[in-house]
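Okay, so here's the structure we're looking at.
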Amino acid sequence: MLFGPGFGGEEARVTPALPEGAHHRRGFLTIEQQRWIVERFHEWTRGPVPPRSAKVRGHEMSVTTVCLGWHWQPYKYTRTATDVNGRKVLDFPDWMTDLARAAIMAATGDEALAGSYRPDTALVNFYDEQAKMGMHQDRDERTDAPVVSLSIGDSCRFRFGNTEHRNRPYQDLELVSGDLFVFGGPSRFAYHGVTKIHPGTAPEGCGLSAGRINITMRETGLEG
Ligand SMILES: O=C(O)CCC(=O)C(=O)O
Ligand SMILES: [Fe+2]
């Protein structure tokens, strides 16, 4: 049969299926939502703790990061930015909890997982045209709750791998402005990174004319 069962189905996927627990939703944020978040981004960068390039084993990362809720530094979270200026970071905003829960719902359809999600930190990274992020695990958190990632601005090549090591098997996918990526369950501790920014690809109206913002929301599992 010319257009029989399965036509245009699984076999027609352009991107191979992601490992269990990993989910990609193209265009999760509207262009207005993206622009609004970029306005907040400018407020955060003028906040008590300026964006900085974290030093990992003596090397400065090429992204700059500003944090909400808890300040991330390799390999711990603190309330104050002891490696920058000692100031307390901005609070984790309530709207971000709602957004993160909606994101988990959209990605997984799991109402219980979404409803019980209590993110308490956001790492907000800015990538210029040259910036990259090497393959790593997000493992400074003391819970296995999912990581929720939102991208705004220039698109990038995002590499999502396995939980054992930074080498193959991995998949390269494009994250474009407005995309959501969630990794939890068996993929929570998968290695991942950003291998390339695609300059000049930020859509008109997203609020950012160049570069890329990525926000990851997480549960630290920390008290106090
Ligand atoms: O920029 C991205 O898409 C990933 C960011 C990331 O992996 C991180 O902040 O730990
Ligand atoms: Fe990460």
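One table, with the values for the structure above:
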item: All lysines inside 17 Å of Lys132 as judged from Cα atoms, apart from same-chain residues fewer than 8 positions distant; result: Lys55, Lys196
item: Crossing angle, helix 31-45 versus the chain [Cα axis fit, 0-90 degrees, rounded to tens]; result: 20 degrees
item: The range 20-218: equivalent-ellipsoid semi-axes (sqrt of 5 x gyration tensor eigenvalues, Cα, Å); result: 21, 20, 19
item: The chain: most fluctuating residue of Glu174, Glu204, Glu141 per GNM, C-alpha cutoff 10 Å; result: Glu204
item: Hits among lysines - C-alpha to C-alpha of Lys88 under 18 Å, sequence gap 8 or more where chains match; result: Lys76
item: Cα→Cβ-extended label distance, 7 Å offset, between Ala210 and Gln130, nm; result: 1.3 nm
item: Mean separation of Cα contacts under 8 Å (6+ apart) over length of the chain, as relative contact order %; result: 27 percent
item: Nearest-ten-degree value, helix 94-108 long axis tilted from longest Cα axis of the chain; result: 20 degrees
item: At R0 = 22 Å, FRET efficiency that the Cβ-Cβ distance of Arg46 and Asp83 yields, to 0.05; result: 0.70
item: Met105, Met217, Met135, Met1, ranked by accessible area, largest first (probe 1.4 Å); result: Met1, Met105, Met135, Met217
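The values are calculated or read from the model by the stated rules, or taken from the named source; none is laboratory data. Just so you know, these numbers come straight off a predicted model, no measurement behind them. Quick reminder, even Gly has a Cβ in these numbers, built from the backbone with ideal geometry, and neighbours come from all protein chains shown. Protein only, heavy atoms only, side chains kept; ligands, DNA and RNA dropped before computing areas. Shrake-Rupley method; radii C 1.70, N 1.55, O 1.52, S 1.80 Å.
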